[in-house]
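The values are calculated or read from the model by the stated rules, or taken from the named source; none is laboratory data. For clarity, every value in this text was computed on a predicted model and none was experimentally measured. Counting neighbours? That spans all protein chains shown, and the Cβs are built from the backbone with ideal geometry, glycine included. Each accessible area value is taken on the protein alone, full model and side chains, heavy atoms only, with ligands, DNA and RNA left out. Shrake-Rupley method; radii C 1.70, N 1.55, O 1.52, S 1.80 Å.
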Protein chains: 2
Amino acid sequence: MTLDKILEEINKADSIVILTHENPDGDAIGSSLAMYNILKAYGKNPDIIIPEFSKIFNFLPGISEIKKESSVKEYDLAISLDCPTIKRLNGFANYFENAKSKVVIDHHGTNTMFGDLNYVNPDAPACAQILIVMFEYFGFEITKDIATCIITGIITDTGGFAYSGVTAETFEFAASLLKRGVNVSDVYKRVLQTTTKPCFELTRIALNRLEFLENGKISFTYITEEDMQKANAETGDHEGIVTIGRNIEGVEVSVFARQIDEGWRLSLRSNDYVNVSDVCIMFGGGGHPKAAGATLTGSINEVKDKILAQIKRYIRN
Amino acid sequence: MTLDKILEEINKADSIVILTHENPDGDAIGSSLAMYNILKAYGKNPDIIIPEFSKIFNFLPGISEIKKESSVKEYDLAISLDCPTIKRLNGFANYFENAKSKVVIDHHGTNTMFGDLNYVNPDAPACAQILIVMFEYFGFEITKDIATCIITGIITDTGGFAYSGVTAETFEFAASLLKRGVNVSDVYKRVLQTTTKPCFELTRIALNRLEFLENGKISFTYITEEDMQKANAETGDHEGIVTIGRNIEGVEVSVFARQIDEGWRLSLRSNDYVNVSDVCIMFGGGGHPKAAGATLTGSINEVKDKILAQIKRYIRN
């Protein structure tokens, strides 16, 4: 089976590179570091390449060993974690493409199976959850450090066990990770409950601008590049803003626009029935049915009009 | 043992009343309704008396059968859930005091053991978690409805599995409740993630007024009675505001003041080392080391100066 073949590739490889998607979230970082740490413990010396990530993950074991780039031209084995398409590996797709053997481990339903070997389970609410099964099958020991990386992936990708993909198995896995010594409340606090000062300032600005449209069924807000400069914002400091709108009673779709060099990066979240991935696909974006994104150009009012016109088509009265 | 004696009292009793603490939270409501539903299934016809509660709990099985008061003078058995002292039963202590047999089930470390029979486990992060053990010992069947009441208690009292009292056992219990058909993401959404419009408006106002003091170690904000009227706020609509301050990087103590008839109701939260219960005791209030409250009189600036002067004594530089 695939897992046996993956272990075979790991055993054969002298050089291994671990990759994940751009703008990495906790599942991307947690899964990648879990793989990195366990391969090191197994006697391998992999490279883990993630050019940029939020400093909230600085507590994770192995984080200081993450590289921004590599001089290796051709790895024996490349492992992509939590990434649905080769395109989302972004500038690092070359490491994957040039590798002699390519392995994809993921939980996105939209995964394009771009590896030679693909271990994709869309039923897992986090890529990190898949790793538990995999490591146990391999006979790899999940230490406290590795369990910390895994629980970070599960907690962030399930919003703290809140999303509908969470099953009894997720809680059973969590119990088993706690038994390995993981401090779940500490991880929780660091990755879900800590707001940086710049994030707080951006939230304050975004909340002030938040408008309710279509009878309160759509919420819309934005932040500009100037706001981000004034707030000394770094990568990740806008995370969570789109969720505030989604959680307000009566809102079906929450839209958050963030100004970037190319225009505006839109994040959409829905509650019940609007497939925001369908909305974003209209603009060359995409994602999940209840969480998706797209990039649009124009003034903020133009962008707002464009996206609202599409969302309104799906809103029920 | 105590559990056998409690079951004996339940078997003997013709009339039973279920009580919980004032300003009931999700654990108080969830535990009380779990007990109510299971006793009904067991063939008893208990009364459950809770004069006031937030409408976010309206989805809970049995909620429509809650009474505001009772005409029964002397119950055979009174069961108090999630309540540390008879004082916190508030206006309903008489139902407890007049009962022939008094049972206390709780998880507060400060419980005064005010029943004839007391089943108190301070290691449980929620009173509802204790009920799982109890019902299983009794041989009572935990149906999907009862499991929904129990998970509501666990989710709310652990902040969604986030607090330090959560153990591997909590996750194992959660897994067992999910296997009984509980929709955990639905409960989560209803009790932890839904912001009412008035709550959003109050949050927006409070965030605009939020100040950082003592080098960012204290956050302070407030809302007035006028704000609440303008926002059409009801009971509970200010919940969560104090947490926003506590979650900001660098903040040790978050203070939120809410104007009430008698003056200002202050909520304090701390992160690491300040015992806010000690701070609040100075003003006749109290609570837990990291979550406490007090009522102060005066203008908002006077109140702010008074509370800050006390907090500063504990802040480390």
Inset, instruction - Hand me the list of helices (runs of 4 or more DSSP H) wholly inside segment B:142-226 holding 2 or more residues that are farther than 28 Å from B:His21 by Cβ. - result: B:168-179, B:197-209
Legend entry - Per-region count, segment A:155-197, residues among the charged types (D, E, K, R) and within 29 Å of B:Ser270 (Cβ to Cβ): 4
Inset, instruction - Could you check B:Gly284 against (1) among the small types (Gly, Ala, Ser); (2) modelled with pLDDT under 95; (3) open to solvent by less than 50 Å² (accessible area, probe 1.4 Å) and say which number it fails? - result: (3)
Legend entry - Subset of segment A:125-143 [of a type in the set (D, E, K, R) and closer than 12 Å to A:Ala41 by Cβ]: A:Glu141
Inset, instruction - Considering only residues that are over 27 Å from A:Ile241 (Cα atoms), touching a helix residue (DSSP H, G or I) at 6+ places or on another chain (Cβ under 6 Å) and of a type in the set (Val, Ile, Thr), look in segment A:141-151 and name the one that is nearest to the other protein chains (Cβ to nearest Cβ). - result: A:Ile142
Inset, instruction - List every residue pair whose Cβ atoms sit under 9 Å apart, with the two residues 6 or more apart in sequence or on different chains, where the first one lies in segment A:44-59 and is assigned by TED's automatic domain parsing to the domain that holds A:Ser80 and charged (D, E, K, R) and the second, anywhere, is modelled with pLDDT of 95 or more and part of a strand (DSSP E or B). - result: A:Lys44/A:Ile16; A:Asp47/A:Ile16; A:Asp47/A:Val17; A:Asp47/A:Ile18; A:Asp47/A:Lys67
Legend entry - Number of the condition not met by B:Asn275 [criteria: (1) under 27 Å from B:Phe200 (Cα atoms); (2) touching a Pro at 6+ places or on another chain (Cβ under 9 Å)]: (1)
Inset, instruction - Report yes if some residue within segment A:278-290 is part of a strand (DSSP E or B), in contact with a strand residue (DSSP E or B) (Cβ under 7 Å, 6 or more places away or on another chain) and touching a residue at least 40 places away in the same chain (Cβ under 8 Å); otherwise report no. - result: yes
Inset, instruction - For A:Glu8, state whether it is touching a Lys or Arg at 6+ places or on another chain (Cβ under 7 Å) and open to solvent by 50 Å² or more (accessible area, probe 1.4 Å). - result: no
Inset, instruction - Just need a number here: residues in segment B:11-35 that are loosely packed, with under 14 Cβ neighbours inside 10 Å and either among the small types (Gly, Ala, Ser) or more than 18 Å from B:Phe92 (Cα to Cα) (or both). - result: 3
Inset, instruction - For segment A:26-45, indicate whether the set of residues that are in contact with a Gly (Cβ under 7 Å, 6 or more places away or on another chain) and of a type in the set (Phe, Trp, Tyr) is non-empty. - result: yes
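May I ask you to list the residues in segment B:238-253 that are aliphatic (A, V, I, L, M) and either at pLDDT below 95 or outside any loop (DSSP other than H, G, I, E, B) (or both)? Write out each step before concluding.
Quick first cut of segment B:238-253, residues aliphatic (A, V, I, L, M) only: B:241-242, B:244, B:248, B:251, B:253.
Matches in segment B:238-253: B:Ile241, B:Val242, B:Ile244, B:Ile248, B:Val253.
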Inset, instruction - Kindly check whether there is at least one residue in segment B:213-233 that is in contact with a Cys (Cβ under 9 Å, 6 or more places away or on another chain) and more than 12 Å from chain A (Cβ to nearest Cβ). - result: yes
Legend entry - Per-region count, segment A:169-204, residues touching a strand residue (DSSP E or B) at 6+ places or on another chain (Cβ under 6 Å) and either within 8 Å of chain B (Cβ to nearest Cβ) or open to solvent by 20 Å² or more (accessible area, probe 1.4 Å) (or both): 2
Legend entry - Test result for B:Thr112, surrounded by fewer than 22 Cβ atoms within 10 Å (Cβ to Cβ) and within 11 Å of another protein chain (Cβ to nearest Cβ): no
Inset, instruction - Examine segment A:151-158 for a residue that is surrounded by 23 or more Cβ atoms within 10 Å (Cβ to Cβ) and among the charged types (D, E, K, R), and state whether such a residue exists. - result: yes
Legend entry - B:Thr235 being in a loop (DSSP other than H, G, I, E, B) and polar (S, T, N, Q): yes
Inset, instruction - Please determine, by comparing only the residues of segment A:152-163 that are closer than 19 Å to A:Ala34 by Cα and of a type in the set (A, V, I, L, M, F, W, C), which one is nearest to the other protein chains (Cβ to nearest Cβ). - result: A:Ile155
Inset, instruction - Can you confirm whether segment A:229-242 contains a residue that is under 25 Å from B:Ile248 (Cα atoms), in contact (Cβ under 8 Å) with a residue 24 or more places away in the chain, of a type outside the set (Asp, Glu) and open to solvent by 60 Å² or more (accessible area, probe 1.4 Å)? - result: yes
Inset, instruction - Would you mind finding the one in A:Ile38, A:Ile86 that is surrounded by 21 or more Cβ atoms within 10 Å (Cβ to Cβ) and among the β-branched types (Val, Ile, Thr)? - result: A:Ile38
Legend entry - Checklist (1) surrounded by 21 or more Cβ atoms within 10 Å (Cβ to Cβ); (2) more than 7 Å from chain A (Cβ to nearest Cβ) applied to B:Val166, failing item: (2)
